[in-house]
Structure formats: structure tokens, C-alpha cells
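Chemist: I'd like to ask some things about the structure below.
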Amino acid sequence: MLLDKKSWAVIKIIVFLLGLTPFLLLVNDGINDRLGANPIETLHFSFGDWALRFLCIGLALTPIKAITKQGWPTRFRRMMGLYAFFYASLHLLVFIVLDLSLSWEAFKDEVPKSPYILMGLLTYSLLLPLAVTSTKNMQKRLGRNWIKLHKLVYVAGVTALIHYFWLVKKDYTEPLIYAGVIGVLLGIRVIVYYRKKVNILNFQS
């Protein structure tokens, strides 16, 4: 996909605005009292859903590159990862600020008896270093360790799914859909990895 720098800049701005759209729509719904009977729950679940969606989109870019033989999809990988972290942060903030009213006592009381919260905090702790080291400068400073560190996104995808499954009480349709998507995306990576390994062995022999 041959485009000049100005064209790519415009495309990135468009993608950035699209990624911000769910947040702006939810803010607008909140201002206009359209978040339903339980607005805190609506915000909490909506931000969590979008965090998982952007995580899936980010995981999808490398398989798309492998299938299409085009390098351009990975240009948006960092942005999708940062959006996943952004919505995960909002998901956590709604819980701490609006649901628990910034009460440390409530937090200590709620977390130990809720395994899904512990899994959510684990997922966030995995996403945090990825967001902090997402800059090109950090990539250069960490070198090969940057690649190893950012493989934590695969673990975060799995822990996010567990968090979702443990949160849902009855209808597992949505978490099963996400599980299928993430399973396929990780499966493609495994296939590509072993194909490369076999090709290297065949070349060496």
C-alpha cells in the first residue's frame, strides 16, 4: 500500500478519531442522561467491552499482515494497543471512583472476595508496562527485550477473557465470541511461527 507521508498522517488521524468515538458517544449519553437505569454499570461494562475489542483489533493486525502479505496493518498496532489501555483505564477508574467512591476500605473489602476483580487487576498490570514502553524511544532502549516484553499482550488477552467469563453469571455468548476470536488470532500466530521455524530448518539442511 504505497502512500505518501501526508496520506498516512490523514489516515492515522481518521483512525485515531474512530478509536475515540466510543468514549465521546458514552460521554454524550451521560450528559444527556441516556445511560439507562444504572449509568455506572453501563459505563463500567461499556469501557471494559471496548478495551477487549481494541485488544482483539490489535492482535488481529499481525495475522492480517501475514495473510495479506502487506505491512501496512501493523502501522496501527501501537495505536490499537494504547486504545485498549485507555479504555481499560476508564473501566478501572469507573470502578474505583464511581462504584467504590475512592474508598480504600471498600476496595480492600471487595477485591479479595471477587476473583474476577483480581483477574481484571492482573490484566491491567500486564497492559500497563506495554503502554509505558510503547514509544519508539523505549523500543530502541529495550532492544530485543522490547519484543519479549510486548508478548505479554498474549497473556493479557487470555486473562481478559477469564476476567470476562468470571464476571458473567448466566449468558456466556459474548465472552465465548471473544474467546473464539482471540483463539483464532493466537492460533494463526502459532501456525506462522512454526512455518517459519520449519522453513529455517529446511534452509539450513
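The values are calculated or read from the model by the stated rules, or taken from the named source; none is laboratory data. Not measured: the values here are computed from a predicted model. We place every Cβ from the backbone using ideal geometry, glycine too, and count neighbours over all the protein chains shown.
Chemist: Based on what the data block shows, is Thr62 buried (at least 16 other Cβ atoms within 10 Å of the Cβ), within 23 Å of Met138 (Cβ to Cβ) and over 8 Å from the mean Cα position of the chain (by Cα)?
Modeler: yes
Chemist: Of the residues in segment 31-48, how many are surrounded by fewer than 17 Cβ atoms within 10 Å (Cβ to Cβ) and either in contact with a Leu (Cβ under 7 Å, 6 or more places away or on another chain) or touching a residue at least 40 places away in the same chain (Cβ under 8 Å) (or both)?
Modeler: Total satisfying the criteria: 2.
Chemist: Hey, any hits in segment 106-116 for a residue that's at pLDDT 90 or above, within 25 Å of Ile188 (Cβ to Cβ) and not small (Gly, Ala, Ser)?
Modeler: The answer is no, given that none of the residues of segment 106-116 is at pLDDT 90 or above, within 25 Å of Ile188 (Cβ to Cβ) and not small (Gly, Ala, Ser).
Chemist: Still on this structure, please answer the following. Restricting to segment 83-114, and then to whatever is under 19 Å from Ile182 (Cβ atoms) and of a type in the set (A, V, I, L, M, F, W, C), can you tell me which residue is surrounded by the most Cβ atoms within 10 Å (Cβ to Cβ)? If you could, list the steps in order and put the result at the bottom.
Modeler: Within segment 83-114, the subset under 19 Å from Ile182 (Cβ atoms) is 83-85, 87-88, 91.
So of that shortlist, the ones also of a type in the set (A, V, I, L, M, F, W, C) come out as 84-85, 88.
Numbers: Ala84: 28, Phe85: 22, Ala88: 26.
Within segment 83-114, the match that is surrounded by the most Cβ atoms within 10 Å (Cβ to Cβ) is Ala84.
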